[in-house]
Amino acid sequence: MNSVLQRFDLSGKTALVTGSSTGIGYALAGGLAAAGATVVLNARRVDKLEAAAQQLRNAGAVVRTSAFDVTSAEAVTAAIAAIESDVGAIDILVNNAGMQRRAPLEDFEKSHWDELMRTNVDSVFLVGQAVARRMIPRRRGKIINVCSVQSELGRPNIAPYTASKGAVKMLTKGMAIDWGQHGIQVNGLGPGYFKTELNDALVKNEEFSRWLIGRTPSRRWGDVDDLVGAAIFLASDASNFVNGHILYVDGGVTATL
């Protein structure tokens, strides 16, 4: 049994989690750290980043920080080089940075479309490529792209977000196809509806919560800790022959009409 559990051990690994000062990214970073990894947190706001890092350190995690804009090719290239030089080779990348904009599609502003695509799609390409270029010579690495149930399903007033997460799903498959030959596994983690700061208004909306709970086979909202086990699996040796897969953690939403 111990040999099986050892396959989930991340001791000695370095993980970079983008957009990890709050919410899902913060929970995933904490989970990877608890499994033994040294975790590099990323966000643009240094104050929030340092506060998140201190919270994890107080819980016993080994944490470093790297404040950079994941939508800037130049910033990404410089940051990845600095992390590899100062912290160590990146063994695990979690592309989590993302955002949401809600509006009827006919009213959706072009500037908001561009911002959303840069944040949700361009960042996955830029950070993924920069890290993969260093993983390829080492012939090992794990990349986890955070997708969504909206990679499969639509909802009113979020068509651009759905388009972006559909793109992340297919980019994940493309990365797996191109980089699998180099010993790299690239998979997606697809959260359903989770209680986070970004979803606070929906959580407090009694009508929406009632609809969602009734729509979800597990009959509840997700808690961010529900994602941790799946992330550790995809980041560990336990998933060495899992590639190009999207693992939905959604309480069964994608299984039912």
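The values are calculated or read from the model by the stated rules, or taken from the named source; none is laboratory data. Predicted model, so just to flag it, every value in this text is computed and none were measured. Methodologically, a virtual Cβ is constructed for each residue, glycine included, from the backbone with ideal geometry; neighbour enumeration extends over all protein chains shown. These area figures cover heavy atoms from the full protein model, side chains too; ligands, DNA and RNA do not enter into them. Shrake-Rupley method; radii C 1.70, N 1.55, O 1.52, S 1.80 Å.
Quick check: is even one residue across the range 144-166 within 26 Å of ALA78 (Cα to Cα), open to solvent by 10 Å² or more (accessible area, probe 1.4 Å) and either free of Cβ contacts under 8 Å to residues at least 60 places away in the same chain or assigned to a helix (DSSP H, G or I) (or both)?
No, the conditions are met nowhere in the range 144-166.
Filter the range 174-201 down to the residues that are surrounded by fewer than 18 Cβ atoms within 10 Å (Cβ to Cβ), in a helix (DSSP H, G or I) and modelled with pLDDT of 95 or more and list them by number.
GLY174, ILE177, ASP178, GLY180, GLN181, HIS182
Just need a number here: residues in the range 14-25 that are touching a residue at least 40 places away in the same chain (Cβ under 8 Å) and more than 19 Å from ALA81 (Cβ to Cβ).
First, the residues of the range 14-25 that are touching a residue at least 40 places away in the same chain (Cβ under 8 Å): 14-20, 22-25.
If we keep only those that are more than 19 Å from ALA81 (Cβ to Cβ) too, we end up with 19-20, 22-25.
Qualifying residue count for the region: 6.
Testing VAL149 on (1) under 17 Å from VAL94 (Cα atoms); (2) within 14 Å of the chain's Cα centre (by Cα), one condition comes back false. Which one is that?
Tallying (1) under 17 Å from VAL94 (Cα atoms); (2) within 14 Å of the chain's Cα centre (by Cα), VAL149 fails exactly one: (1).
Taking the stated definitions as given, is PHE125 over 23 Å from ASP200 (Cβ atoms) and open to solvent by 10 Å² or more (accessible area, probe 1.4 Å)?
Values: over 23 Å from ASP200 (Cβ atoms): yes; open to solvent by 10 Å² or more (accessible area, probe 1.4 Å): yes.
Taking the combined requirement at face value, the residue satisfies it.
Between a first residue in the range 225-238 that is more than 11 Å from LYS142 (Cα to Cα) and a second residue that is assigned to a helix (DSSP H, G or I), which pairs have beta carbons less than 7 Å apart while being 6 or more apart in sequence or on different chains?
From residues that are more than 11 Å from LYS142 (Cα to Cα), the pairs are ASP225/ALA27; LEU227/ILE24; LEU227/ALA27; LEU227/LEU28; VAL228/ALA27; VAL228/LEU28; VAL228/GLY31.
Is it the case that the range 212-232 has a residue that's in contact with a His (Cβ under 9 Å, 6 or more places away or on another chain) and either buried (at least 19 other Cβ atoms within 10 Å of the Cβ) or assigned to a helix (DSSP H, G or I) (or both)? Step through it out loud before you land on a result.
Going through the range 212-232, the residues in contact with a His (Cβ under 9 Å, 6 or more places away or on another chain) turn out to be none.
Taking every residue of the range 212-232 in turn, none turns out to be in contact with a His (Cβ under 9 Å, 6 or more places away or on another chain) and either buried (at least 19 other Cβ atoms within 10 Å of the Cβ) or assigned to a helix (DSSP H, G or I) (or both).
Residue check, ALA75 against (1) open to solvent by 60 Å² or more (accessible area, probe 1.4 Å); (2) over 21 Å from ASN199 (Cβ atoms); (3) without any contact (Cβ under 8 Å) to a residue 40 or more places away in the chain, all met but one. Which one?
Going through (1) open to solvent by 60 Å² or more (accessible area, probe 1.4 Å); (2) over 21 Å from ASN199 (Cβ atoms); (3) without any contact (Cβ under 8 Å) to a residue 40 or more places away in the chain one by one, ALA75 breaks only (1).
Can you tell me which residue within the range 233-248, out of those that are open to solvent by 30 Å² or more (accessible area, probe 1.4 Å) and under 15 Å from the mean Cα position of the chain (by Cα), is farthest from VAL149 (Cα to Cα)?
Step by step, filter the range 233-248, then rank; the result is PHE233.
Among the residues of the range 28-62 satisfying the criterion of being of a type in the set (A, V, I, L, M), open to solvent by 10 Å² or more (accessible area, probe 1.4 Å) and within 24 Å of GLY188 (Cα to Cα), which is nearest to the chain's Cα centre (by Cα)?
In the first step, residues of the range 28-62 are kept if they are of a type in the set (A, V, I, L, M); the result is 28-29, 32-35, 37, 39-41, 43, 46, 49, 51-53, 56, 59, 61-62.
If we keep only those that are open to solvent by 10 Å² or more (accessible area, probe 1.4 Å) as well, we get 33-35, 43, 46, 51, 56, 59, 61-62.
Going one step further and asking which of them are within 24 Å of GLY188 (Cα to Cα), we end up with 33-35, 43.
Details: ALA33: 15, ALA34: 17, ALA35: 17, ALA43: 13 Å.
Once the filter is applied, the top-ranked residue is ALA43.
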